[in-house]
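Here is the structure we will look at.
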Amino acid sequence: MFTLKLDDIPAEGLNLNWTEERSSLSTYLENFSQIDFGFEGPLQSEARVWKAGQSVLINGRVQTTLHLQCVRCLKEIVLPISSTFELTLLPLKEAPSAEEAELGEEDMESNFYQGGEIHLSEIACEQIFLEIPFKPLCQEDCKGLCPACGKDLNLGSCECVKKEFGSGHPPSQGGGVPACPAPC
Ligand SMILES: [Zn+2]
Ligand SMILES: [Zn+2]
């Protein structure tokens, strides 16, 4: 994973472009517990990085291909993703954990660098994560799977649907309803 030292950024800034291979991306994803996608190809990034006082500014572009699952039919989707971004990173002091705990929600959304290093590959991955659809679908009107038999309904309807609408109510069990005492 690509890490840039703050000291290596000259006053006039730096133009970078780098590629992260799929294998190292997979290793990186293992740091996260709830990941339901994977990288299908390498992650290509380019960025302009420069310093402004204590801040580090990054303008960049990321591009990759992911594979993920349709939330309805569970079919695998291959999804090309590209995104441009602008970030300002602020220095994060080596804060004691008590102080860290006081960081409000707003602070958490800011971007920080720590220990004089910018983790560029991680930043690039985060930009990709932001572009992943919340509920990926293989197609806009995916019909999903039958909850009873599991058939992919995009390939046609299943027997369950026919039964449900075809034969009406199931025959009632004998003994439950007494016969009408008088002809009605
Ligand atoms: Zn689907
Ligand atoms: Zn079915």
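Got a number for residues in the range 1-18 being in contact (Cβ under 8 Å) with a residue 12 or more places away in the chain and over 29 Å from the mean Cα position of the chain (by Cα)?
7
I want to confirm something. Restricting to the range 19-46 and keeping residues that are surrounded by 15 or more Cβ atoms within 10 Å (Cβ to Cβ) and among the hydrophobic types (A, V, I, L, M, F, W, C), which single residue is farthest from Met1 (Cα to Cα)?
Per the criteria, the residue is Phe37.
Of all residues in the range 19-30, which are among the hydroxyl-bearing types (Ser, Thr, Tyr) and in contact (Cβ under 8 Å) with a residue 12 or more places away in the chain?
Thr19, Ser24, Ser26, Tyr28, listed by residue number.
Just for the range 125-181: of the residues that are hydroxyl-bearing (Ser, Thr, Tyr) and more than 16 Å from ligand 1 (Cβ to nearest atom), which one is modelled with the lowest pLDDT?
Here the residue is Ser172.
Considering Leu74, Leu90, which residue is part of a strand (DSSP E or B) and farther than 15 Å from Cys125 by Cβ?
Going through Leu74, Leu90 in turn, just one is part of a strand (DSSP E or B) and farther than 15 Å from Cys125 by Cβ: Leu90.
Can you find a residue that is among the hydroxyl-bearing types (Ser, Thr, Tyr), crowded, with 16+ Cβ neighbours inside 10 Å and modelled with pLDDT under 95 anywhere in the range 79-99?
Our first condition is that a residue be among the hydroxyl-bearing types (Ser, Thr, Tyr); within the range 79-99, this holds for 82-84, 88, 97.
This time we only want the ones that are crowded, with 16+ Cβ neighbours inside 10 Å, so: none.
No, that holds for no residue.
Mind listing just one residue for me: the one in the range 31-57 that is in contact (Cβ under 8 Å) with a residue 40 or more places away in the chain and among the hydrophobic types (A, V, I, L, M, F, W, C) and, of those, nearest to Cys125 (Cα to Cα)?
Leu43
Residues of the range 1-57 being under 26 Å from Ile132 (Cα atoms) and basic (Lys, Arg), which ones?
Passing the criteria: Arg22, Arg48.
Within the range 128-155, take every residue that is outside any helix (DSSP H, G or I) and among the acidic types (Asp, Glu) and give me the one that is nearest to ligand 2 (Cβ to nearest atom).
Looking at the filtered set, the residue picked out is Asp152.
The values are calculated or read from the model by the stated rules, or taken from the named source; none is laboratory data. The shown structure was predicted, so the numbers you read here are calculated from the model rather than taken from an experiment. Glycine gets a Cβ as well: all are built from the backbone with ideal geometry, and neighbour counts include every protein chain shown.
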